[in-house]
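See structure below.
The values are calculated or read from the model by the stated rules, or taken from the named source; none is laboratory data. Note that this is a predicted model, so its numbers are computed, not measured. Heads up, the Cβs are rebuilt from the backbone with ideal geometry, glycines too, and the neighbour counts pull from every protein chain shown.
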Amino acid sequence: MESLSDTTWDVVIAGTGIRQSLLALALSRSHKRILHVDQNKYYGGTEAAFSLEEASKWFDESQHISRCALRIEAIALWKNPHSEGLGSSRSYTLTLSPQLVYCRSAILAALVSSRLHTQIEFQAVGTWWIDRDRPVEVSESNKQNNDATDSHSGKGYAVAQPSGMLQKIPSTREDVFADDTLAPRDKRALMKFLRTVIMDPIPDAESNQDNPVPSALTTLSAMPPLLAQPLLALSMSYDSPGTVRTKSVVSRIRRHIQSVGMFGPGFGAVMPKYGGGAEIAQVACRASAVGGAVYVLGRGLAKLDEPRVQSAEAEASAEASAEASVEEVVRLELSDGEEIKARFVVGSAEDFPTGYIEGAAWKLNIDLVKIVHSISIVSSPLEHLFPPTAESGPVPAGAVVVYDGPDHKTTSGDDSVSKAGPVYMVIHSSESGECPRGQCVIYSSTVSSSEASEDENVQRLDDAIANLLAASPLSDSKSEVLWSLKYRLRGRPIDSDAGPVMSSKSARVMLFPVASVDPVFDDSILDGVKDIWKRILGDEVEESEFLKFVERTEDDEEGL
């Protein structure tokens, strides 16, 4: 077998996360010599999917690998000592990237144009629920419809709801009309908002874009504050109602509503079967290998010696000279000591040599957000969370529950709001291929509040899951957590912009920005991949050709 050092690679890509894998895919038909390496012995990096044994091994290794601290940190691994309900290790596929994909997402169009859609099975994400287990403000118009004991508190009524009450969040006209818990006045306000939110531009957007959500939504459509929080849940924002700004939340709610019905009745989001985002990354890598890319797992970048940037005059002079010197290349050393050369090197911070990232003048000017995550295997299927999406719609494999815990309530006596963000729980049924039948997997996450300790932030996840299981028809101790993994993720704030980061020494070394913490697939990933793709190929391609491939013929594959 030819040594890696015998070739001057056109592109070396470090890491097999979604962005690196999509870049390799985009370059796969450019006739470039591509070497794709990963320090790990598995695909996906911080977006990987694991069996139980692999997850346990990942947890142990992450305690000792300093690179992981750049992006992801394992916190705790727990197995229920009182239950033997776990299946075999290989019967689980637990993903670090359970992001939802909206039906209008650009990634779906890219997967179709690149011919990958036939290799990935997408499943419907059905109902959005909100879990309210403490007193909440109730609008005056809806007060008469509540049978619970009321206590007057000024602007509204605090109604003690039973622990674990799940409320379906209406997001379509049909949902609104079918919701018997809404008073007629609230239905009219909600319908008005749904009509308003899909308009572009949004009326009064300029005057409202800097207002906290509850007051701005009330201004937009005379909506009672009680309805604002469920709608905020549709935005999948980690911020509390007092910190989210209208411009951001309305655009995200619009995305949700406009996606409903695109691929089938009653749902607007999908998820890849068998491992979420990790499945997209692995399928992209397989397609890149068919295109000629060379894959090496278990060997990462240990050293990087990049050339200095030449001035424009020097470059022009070198091009004009008949005695032009050897082409500028980047010299690399892999973790096993093998030395290689490349014309371009691309990766993410966690896949570059730690000393290089710390010593180079990278312009990583962005404040990172910390999100606490947990992956929990539950002993029951929680079938009540997965009703058919519509009368003729599919039975979904995913559902979303938003925990509106006690630290997240607005007060009815004044305008103050808690700064604690919501807990999002994305539940995958066994139809996702991630667990055995009779069980489900709960992926929960919340922002790591600076006002709380690490233990308190983690406890919010546990409280949310306990509350959800208490609301289950199987709450008579049959529904329990069998296994859980908790970790902390650092990333860019939701909806923040960040293009690729260039080395201060050479334009031949490019770094993907820190990924977003968005629980929904971030379409700006494609913009960053396209930017680097254009920098590598230059005038060889048109921008319109990005991830648009004709179907391969048998002759094409035989010639590889």
Task: Extreme residue, surrounded by the fewest Cβ atoms within 10 Å (Cβ to Cβ), among residues of segment 274-294 that are more than 12 Å from L116 (Cα to Cα) and in contact with a helix residue (DSSP H, G or I) (Cβ under 6 Å, 6 or more places away or on another chain) - done: A293
- [ ] Counting only residues that are at pLDDT 85 or above, hydroxyl-bearing (S, T, Y) and exposed (fewer than 15 other Cβ atoms within 10 Å of the Cβ), give me the strands (runs of 3 or more DSSP E) lying completely in segment 110-179 with at least 3 of them.
- [x] none
Task: In segment 22-81, residue surrounded by the most Cβ atoms within 10 Å (Cβ to Cβ) [restricted to those that are among the polar types (S, T, N, Q) and closer than 26 Å to V458 by Cβ] - done: T46
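Residues in segment 46-59: is at least one part of a loop (DSSP other than H, G, I, E, B), within 24 Å of P272 (Cα to Cα) and in contact with an Asp or Glu (Cβ under 6 Å, 6 or more places away or on another chain)?
Looking for residues that are part of a loop (DSSP other than H, G, I, E, B), within 24 Å of P272 (Cα to Cα) and in contact with an Asp or Glu (Cβ under 6 Å, 6 or more places away or on another chain), one finds none in segment 46-59, hence no.
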TODO: Just name the residue that is surrounded by the most Cβ atoms within 10 Å (Cβ to Cβ) out of those in segment 386-445 that are modelled with pLDDT of 95 or more and among the charged types (D, E, K, R).
DONE: E434
- [ ] Select from segment 240-263 the residues that are surrounded by fewer than 21 Cβ atoms within 10 Å (Cβ to Cβ) and in a loop (DSSP other than H, G, I, E, B) and write down the one among them that is modelled with the lowest pLDDT.
- [x] G242
- [ ] Considering (1) more than 25 Å from the chain's Cα centre (by Cα); (2) modelled with pLDDT under 85, say which one K363 fails and leave the rest.
- [x] (1)
- [ ] Scan segment 87-106 and give yes if some residue there is in a strand (DSSP E or B), among the hydroxyl-bearing types (S, T, Y) and either crowded, with 22+ Cβ neighbours inside 10 Å or at pLDDT 95 or above (or both), otherwise no.
- [x] yes
- [ ] Test G275 against the stated conditions and say whether it is modelled with pLDDT under 95, within 30 Å of V550 (Cα to Cα) and in contact with a Lys or Arg (Cβ under 8 Å, 6 or more places away or on another chain).
- [x] no
- [ ] Please specify each residue of segment 421-477 satisfying the condition of being part of a loop (DSSP other than H, G, I, E, B), of a type in the set (A, V, I, L, M, F, W, C) and either closer than 18 Å to M271 by Cβ or within 20 Å of the chain's Cα centre (by Cα) (or both).
- [x] C435
